[in-house]
Every structure is written in structure tokens, then in C-alpha cells.
Amino acid sequence: MQNGRECLIVALDVADAEKARALVRELGDSVGFYKVGKELFTAAGPSVVRDLVADGKRVFLDLKFHDIPNTVAGAVRTASALGVSLLTVHASGGSRMLRAAADAAAQTGARPIVLAVTVLTSLVSEDLEEVGVSGGVEAQVIRLAGLAIRAGCGGIVASAQEAAHLRSSYGSAFTLVTPGIRPAGGIAADQARVVTPEDAIRAGANYLVVGRPISAADNPREAARAIIRQIERAL
């Protein structure tokens, strides 16, 4: 069973490598798992991932690959060579793309878990309707998650609001990563579907991605430890 520290992924959603390194130094041994997303990767490139891995940290590479199957497979192989533990593709890319990503990861030495992103936590049903998706957020999450699991992806990214339904629909064999985590009383900002750490774990999440509640805190290390304590109450 995971402990609270292992469940927490801190998002390095900063504009340059030095800011990322400063936050990692400040958090010290309180945190061992970090998310590198589009902003930091675009600014600093793969070297920031290599540095984290070399420092003994686990990395969740959240670039949300979405392209033709061959291109996504190549991107997955390249990401795997960096030593990442988790990486993302968009579930809406379809079953052939998802299967190509899963197969590419399985053929590498690192064998990272391919996570399929279902519906971004900033979106609500009205946003989906705007792009032609009817039936509501939860129905779309369940639909895309099933597509990804059948295609061989090892995990799903979804709001913890959908976690219990995902577990009841597809069991416990897949990894569930939940962004949009906010401590009780925290500010949602641009996240629409937010959940507290305790509720996310109880609903079935394996990993919680937390950014601004830690990185923007007056004392990021204590903020991280507080969230870890909340996770451990639920484990």
C-alpha cells in the first residue's frame, strides 16, 4: 500500500528550470514525485526531466500527446528513454492511437505507465456541448476511460469527482491520477471540478496532483506535509 508521500505529485507549473529547481530544493525530502507539464517542458526541455530523475525523483511527464498513432508512439518511446514513471496521452485520440502509445511504452526498458486524459478538470458539461459532446462530463469520462483501458493503457487521468464511478465501472487494476486537488477551503482558481485530498483518496485515486496550493504557499514544505497528512487520514 502506498503512503501519503508516495501518493502526492507536486506540479512544477513554473516558467523556467531555476524556479523548478528552487521549489524542489525547498520541498526537500518531503516530496519525491513531480509533474513536468507543457510550460516547464517548453521552457527547459528534457534536461529538467533528466535532472529530476538523476536526483532520485519520480517524474510524471504531462504533455498530453494527441496525434496520429505513429507520431504518438515515437513520442512515447522518447519520453520513456528519459526515465519518466508516468506520461499522458489524450483519450480522445481514439483507440488506435491509445493502443500505439501503450504498445510503445511496453516495448521500452522503462515501461512507464501510459495515462489517458479523459476530460480536463477545467471543463464542465457546457464546455463539452460547445465542441459537440453531449451527455455530460461523467458520461464522457466513463466512455473515454473504457476506450483507453480496452486499448491497453495502464491508467486514467480524471477528476476525483468521477473516481468512484470509474472504480465501480472498471475495477482497481488501473492507475487513477486525479488533478484538481484543493485542500478544504482552498481556492479553485481555473479548476471547475475540484476535490479535497481525503475525498479523492477515499473515492479511489492512486495519485493526487497538486500545484498552486503548494507552490504558491508561504511555506511550500509545510503545505505539502499538510496535504500528505490529509492523504494519510484517508488511507
> Given labels modelled 7 Å from the Cα in the Cβ direction, how far is it in nm from residue 55 to residue 22?
Replying inline: 1.3
>> Which residue, 12, 53, 136, has the largest displacement toward the positive end of the dipole of region 4-234 when charges sit on each Cβ (Lys, Arg +1; Asp, Glu -1)?
In response: 53
>> Taking R0 as 30 Å, what FRET efficiency do you get between residue 2 and residue 63 from their Cβ-Cβ distance, rounded to the nearest 0.05?
In response: 0.80
> What list of ³J(HN,Hα) couplings, whole Hz, do you get for region 21-31 from phi and the Karplus terms 6.51, -1.76, 1.60, once you set θ to phi - 60° and write x for glycine and proline?
Replying inline: 4, 5, 5, 4, 4, 5, 6, x, 7, 5, 10
>> Can you give me the orientation-averaged projected area of the convex hull built on the Cα atoms of the chain, in nm²?
In response: 11.9
> What full-extension length gain, to one decimal in nm, is calculated for residue 150 and residue 42 as 0.36 nm per residue of separation minus the Cα-Cα distance?
Replying inline: 35.7 nm
>> Suppose only helical runs count, i.e. DSSP H with n ≥ 4. What mean residue ellipticity at 222 nm does that imply for the chain under -39500 (n - 2.57) per run, divided by all residues and rounded to the nearest 500 deg cm²/dmol?
In response: -13000 deg cm²/dmol
> Which aspartates and glutamates does residue 19 reach when only Cα atoms under 19 Å apart count, and residues fewer than 8 places away in its own chain are ignored?
Replying inline: 29, 39, 51, 55, 62, 218, 222
> Hey, fewest Cβ within 10 Å first, where do 138, 162, 130 land in order?
Replying inline: 130, 138, 162
>> Using amide H atoms built in the peptide plane, which far-off residues or other-chain residues are under 5 Å from residue 11 H to H?
In response: 35, 210, 211
> From the backbone phi of region 215-226, what are the Karplus-calculated ³J(HN,Hα) couplings (6.51 cos²θ - 1.76 cosθ + 1.60, θ = phi - 60°) in whole Hz, Gly and Pro given as x?
Replying inline: 5, 9, 6, 4, 10, x, 5, 5, 4, 5, 5, 5
> Of the residues 109, 37, 204, which exhibits the maximal mean-square fluctuation in a Gaussian network model of the chain defined by a 10 Å Cα contact cut-off?
Replying inline: 109
> Beyond 13 Å, what percent of the Cα pairs of region 59-134 remain?
Replying inline: 63
>> With the crude spin-label approximation of a point 7 Å out along Cα→Cβ, what separation in nm comes out for residue 108 versus residue 126?
In response: 4.0
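Readers should treat all values here as calculations from the given coordinates under stated rules, not as data from a laboratory. None of the values given here were measured: they were computed from a predicted structure. Cβ: placed from backbone, ideal geometry, glycine included. Neighbour counts: every protein chain shown.
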